[in-house]
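Here's the structure, in structure tokens; my notes come after.
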Amino acid sequence: MVNLLIVEDEERIASFLAKGLRAHGYSVEWVSSGREALHRVTHADISLVILDLGLPDLDGLEVLDGLRARGGTVPVLVLSARGRVDDRVKGLNLGADDYLAKPFAFEELLARVRANLRPRAVASAVLRAGGISIDLLRREATVDGRQVSLSPREFSLLKAFVGHPRQVLSRQELLSMAWGMNFDPRTNLVDVYVGYLRRKIGEPVIETVRAAGYRLRIDGQES
């Protein structure tokens with residue numbers, strides 16, 4: 001049984017979500033506070049969390065940070081009226097798997113839930129390109145033998161690059177491959193995270209291809 005946890009302090013919204021999700025065969029629990037959410041995720045078998053940020057006791061980002069700090073790996077879909085790019089970046093950087101701004105269409109929410117519950121096939125436990133190696137099971141990355149600490153979002157983006165070395169990837173492709181997100185021409189999310197990766201793995205490795213996107217450079221590659 002797939003168990004979903006809705007963390008939402010507005011009963012009207014929580015009831016709407018629970019009714020719709022149950023109609024599609026999901027088991028749904030609802031809590032209205034951040035502390036309740038942390039307790040339920042820690043002590044129950046939860047498949048996915050739908051997390052509002054505007055909670056009465058803890059900010060939703062504190063809940064997310066607390067969950068990841070405890071080693072929790074359950075997928076988290078943030079649902080919030082905070083739709084600015086910097087809010088989305090902060091949520092993703094803290095370990096959210098997806099971010100949907102209010103107001104939203106239930107059909108889109110349902111599609112995001114399904115996408116984040118979908119098992120991700122692992123063709124190989126380790127991907128390598130140039131001096132970069134990423135272990136998909138341990139979620140660890142090394143560059144020239146040096147271990148690099150990456151956030152979940154940074155790891156997913158690096159995986160997209162390492163899985164397609166030398167290939168020019170558009171921002172739209174990177175959003176989809178790394179995070180399962182639709183392209184929004186107003187967002188600079190990819191650019192922000194490319195900047196984060198460059199600082200951690202080395203500036204020349206990820207190359208900007210003007211008017212096209214980015215590519216992972218390999219030693220000996222021609223410009």
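The values are calculated or read from the model by the stated rules, or taken from the named source; none is laboratory data. Being a predicted model, the structure only gives us computed values, none of them experimental. Note that each Cβ is placed from the backbone with ideal geometry, even for glycine, and that neighbours are counted across all protein chains shown.
So which residues in region 79-99 are in contact with an Asp or Glu (Cβ under 7 Å, 6 or more places away or on another chain) and under 18 Å from F16 (Cα atoms), if there are any at all?
The answer is L79, S80.
If you take the residues in region 34-59 that are farther than 15 Å from A14 by Cα and among the small types (G, A, S), which one is modelled with the highest pLDDT?
S47
Report yes if R128 is assigned to a helix (DSSP H, G or I) and among the basic types (K, R), otherwise no.
no
Condition first: touching a Gly at 6+ places or on another chain (Cβ under 7 Å), surrounded by 13 or more Cβ atoms within 10 Å (Cβ to Cβ) and within 29 Å of H164 (Cα to Cα). Can you find one or more residues in region 120-130 that meet it?
yes
Is it the case that some residue within region 146-167 is of a type in the set (S, T, Y) and in the same structural domain as D59 (by TED's automatic domain parsing)?
no
Which condition from (1) touching a Lys or Arg at 6+ places or on another chain (Cβ under 6 Å); (2) without any contact (Cβ under 8 Å) to a residue 12 or more places away in the chain is the one that A105 breaks?
Unmet for A105, out of (1) touching a Lys or Arg at 6+ places or on another chain (Cβ under 6 Å); (2) without any contact (Cβ under 8 Å) to a residue 12 or more places away in the chain: (1).
Using the structure shown, decide if V7 is in contact with a helix residue (DSSP H, G or I) (Cβ under 7 Å, 6 or more places away or on another chain), modelled with pLDDT of 95 or more and surrounded by 14 or more Cβ atoms within 10 Å (Cβ to Cβ).
yes
Condition (residue is touching a Lys or Arg at 6+ places or on another chain (Cβ under 6 Å), in contact (Cβ under 8 Å) with a residue 24 or more places away in the chain and within 30 Å of P56 (Cβ to Cβ)) applied to region 110-121: is it met by at least one residue?
Checked against the condition, which is being touching a Lys or Arg at 6+ places or on another chain (Cβ under 6 Å), in contact (Cβ under 8 Å) with a residue 24 or more places away in the chain and within 30 Å of P56 (Cβ to Cβ), region 110-121 yields no hits at all.
Count, please, the residues in region 100-130 that happen to be among the β-branched types (V, I, T) and at pLDDT below 90.
2
Rundown of residues vs (1) buried (at least 16 other Cβ atoms within 10 Å of the Cβ); (2) at pLDDT below 90, yes/no style:
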position: S149; (1), (2): no, no
position: R153; (1), (2): yes, yes
position: A178; (1), (2): yes, yes
position: D184; (1), (2): no, yes
position: N188; (1), (2): no, yes
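Can you pull out every residue in region 1-35 that is more than 18 Å from V113 (Cα to Cα), touching a strand residue (DSSP E or B) at 6+ places or on another chain (Cβ under 9 Å) and either free of Cβ contacts under 8 Å to residues at least 24 places away in the same chain or small (G, A, S) (or both)?
E11, S32, S33, G34
Whether any residue in region 77-100 is surrounded by 13 or more Cβ atoms within 10 Å (Cβ to Cβ), among the aromatic types (F, W, Y) and over 16 Å from the mean Cα position of the chain (by Cα) is what I want to check.
There is no residue in region 77-100 that is surrounded by 13 or more Cβ atoms within 10 Å (Cβ to Cβ), among the aromatic types (F, W, Y) and over 16 Å from the mean Cα position of the chain (by Cα).
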